[in-house]
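The values are calculated or read from the model by the stated rules, or taken from the named source; none is laboratory data. None of these values were measured; they are calculated from a predicted model. A quick note on method: Cβ atoms are made from the backbone with ideal geometry, for glycine too, and the neighbour counts reach across all protein chains shown.
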Amino acid sequence: MPELPEVETVRRGLALCLEGRRLARVVQRRADLRFPLPERFAERLQGRRVEQVGRRAKYLAIRLDDGMMWLCHLGMSGRMLIGSGKPPEPEAHDHVLVETDDGGWLRFNDARRFGMMDLWPAADLDTHRLMRGLGPEPLDLEFDGPALAKRLKGKATSIKAALLDQRVVAGLGNIYVSEALHHAGISPRRLARTVQGGRADRLAAAIRQTLEAAIEAGGSSLRDYVQTSGELGYFQHRWVVYEREGKSCRQCGRACPGIKRIVQAGRSTYYCPRHQR
C-alpha cells in the first residue's frame with residue numbers, strides 16, 4: 001500500500017494539474033470502490049474549482065471552491081494518472097474520469113478497488129471517521145524528538161508496532177519504519193516507551209530524513225504504484241534494510257552479521273541486530 005512518500009509524490013503531481021482549474025467534466029463509472037461513493041458524486045464534483053491539493057497522512061485532500069473536501073485514498077493498487085489533450089479511451093479499471101477547463105485530464109485506476117473517495121466539509125475534516133485520532137504529520141516543523149517521545153511514553157508495544165499506529169504518527173508504513181529505525185540505530189524489538197530523550201531525537205530526525213529522501217526519489221514502486229506521470233518511483237534502489245535479508249548492513253560493513261527478517265504483528269521487519277539496539 002502506498003505510504004506517505006508515494007501519496008505526497010502523487011499530491012505534487014496533481015497540484016500541477018488541478019490547482020486553480022475547474023472540473024469541467026467528471027464521469028463516475030461505478031457506484032463504489034472500497035466503500036460506496038457519495039450520492040451524486042460526479043454531479044457534485046463537476047463545475048467545481050480546485051483551490052488546493054493537500055494531503056493528510058496517506059489521504060489526498062482536495063479542497064473545492066464550495067467548501068467541500070474531495071478525500072481520496074489510493075488503496076492497494078490505485079493510480080492517479082494525468083495528462084493533457086484528448087483523454088485516452090477508458091480502461092477496464094478506470095473508475096473516475098475528470099477533464100479540466102484547460103484541457104487537462106485525470107483518471108483514477110484501481111484494479112483491486114481498495115481505494116476510496118468521499119466528499120466532506122473542509123472545515124470539519126478532522127471529524128471524518130477516517131481522520132479522527134490521526135497523529136502528527138512527521139514532516140511538520142512541530143514534529144521532533146520531544147513530540148515523538150510524548151506519543152511513545154508508557155507504550156508497552158514494540159517501537160515498530162507503535163510507529164505503524166496512525167494515532168502515534170500519521171502516514172508511516174512498513175517500508176519507511178524499517179528504514180528509519182535502521183538510520184536511528186534502534187531495534188524494532190525495543191519497547192516503545194524506552195524511546196525517549198536522545199533516542200527519540202535520533203528517531204524523529206531519521207523519520208524526517210527517510211521520508212524526504214523517498215519523496216525526492218518519487219517514492220518506492222512495488223507492484224502497482226506509479227507517479228501521476230506514469231513513471232515508477234526509484235527509492236526502492238536506496239533501501240538499506242527493507243527486503244535485504246542476509247545482506248550486509250551498509251552501516252556495519254564487513255562486520256555485519258547480516259540483515260535479519262522477523263515478523264511483527266503479521267508484517268515483515270528488516271533490521272541489523274548489530275547496528276540497531
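Here are the numbers for the structure shown:
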item: Positions within region 101-133 being hydrophobic (A, V, I, L, M, F, W, C) and either touching a helix residue (DSSP H, G or I) at 6+ places or on another chain (Cβ under 8 Å) or under 19 Å from Gln46 (Cβ atoms) (or both), in sequence order; result: Trp105, Leu106, Phe108, Met117, Leu119, Trp120, Ala122, Met131
item: Arg238 at pLDDT 90 or above and closer than 30 Å to Pro146 by Cβ; result: no
item: So Ala111, is it of a type in the set (Gly, Ala, Ser) and surrounded by 19 or more Cβ atoms within 10 Å (Cβ to Cβ); result: no
item: Boolean, Gly135 is surrounded by fewer than 22 Cβ atoms within 10 Å (Cβ to Cβ), among the small types (Gly, Ala, Ser) and closer than 26 Å to Phe35 by Cβ; result: yes
item: Residue selected from region 16-37 under the condition buried (at least 18 other Cβ atoms within 10 Å of the Cβ) and in a helix (DSSP H, G or I), by the criterion modelled with the lowest pLDDT; result: Cys17
item: Flag for Leu148 being more than 26 Å from Met76 (Cα to Cα) and either surrounded by 18 or more Cβ atoms within 10 Å (Cβ to Cβ) or touching a Leu at 6+ places or on another chain (Cβ under 7 Å) (or both); result: yes
item: Single residue of Arg49, Arg56, Arg12, Arg79 found to be more than 23 Å from Arg132 (Cα to Cα), at pLDDT 95 or above and not small (Gly, Ala, Ser); result: Arg49
item: Test: residue in region 106-121 that is basic (Lys, Arg), under 30 Å from Thr269 (Cβ atoms) and in a helix (DSSP H, G or I); result: no
item: Which numbered condition Thr127 misses (of (1) surrounded by 16 or more Cβ atoms within 10 Å (Cβ to Cβ); (2) out of contact with any strand residue (DSSP E or B) (no Cβ under 7 Å at 6 or more places or on another chain)); result: (1)
item: Filtered residue count, region 45-79, keeping only those that are more than 18 Å from Arg22 (Cβ to Cβ) and either touching a Ser or Thr at 6+ places or on another chain (Cβ under 7 Å) or buried (at least 19 other Cβ atoms within 10 Å of the Cβ) (or both); result: 14
item: Filtered residues of region 158-196 (kept if of a type in the set (Ser, Thr, Tyr) and surrounded by 23 or more Cβ atoms within 10 Å (Cβ to Cβ)); result: Tyr176, Ser178
item: Only listed residue being touching a residue at least 40 places away in the same chain (Cβ under 8 Å) and out of contact with any helix residue (DSSP H, G or I) (no Cβ under 7 Å at 6 or more places or on another chain), chosen from Leu164, Leu148, Leu97; result: Leu97
item: Failed item in (1) more than 25 Å from Gly173 (Cβ to Cβ); (2) buried (at least 16 other Cβ atoms within 10 Å of the Cβ), with Arg40 passing the rest; result: (2)
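Residues are listed down the side, and each one gets a yes or a no for (1) in the same structural domain as Glu216 (by TED's automatic domain parsing); (2) modelled with pLDDT of 95 or more; (3) not β-branched (Val, Ile, Thr):
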| position | (1), (2), (3) |
| --- | --- |
| Lys86 | no, no, yes |
| Asp94 | no, yes, yes |
| Leu97 | no, yes, yes |
| Met116 | no, yes, yes |
| Pro136 | no, yes, yes |
| Leu139 | no, yes, yes |
| Ala149 | yes, yes, yes |
| Leu152 | yes, yes, yes |
| Ala161 | yes, yes, yes |
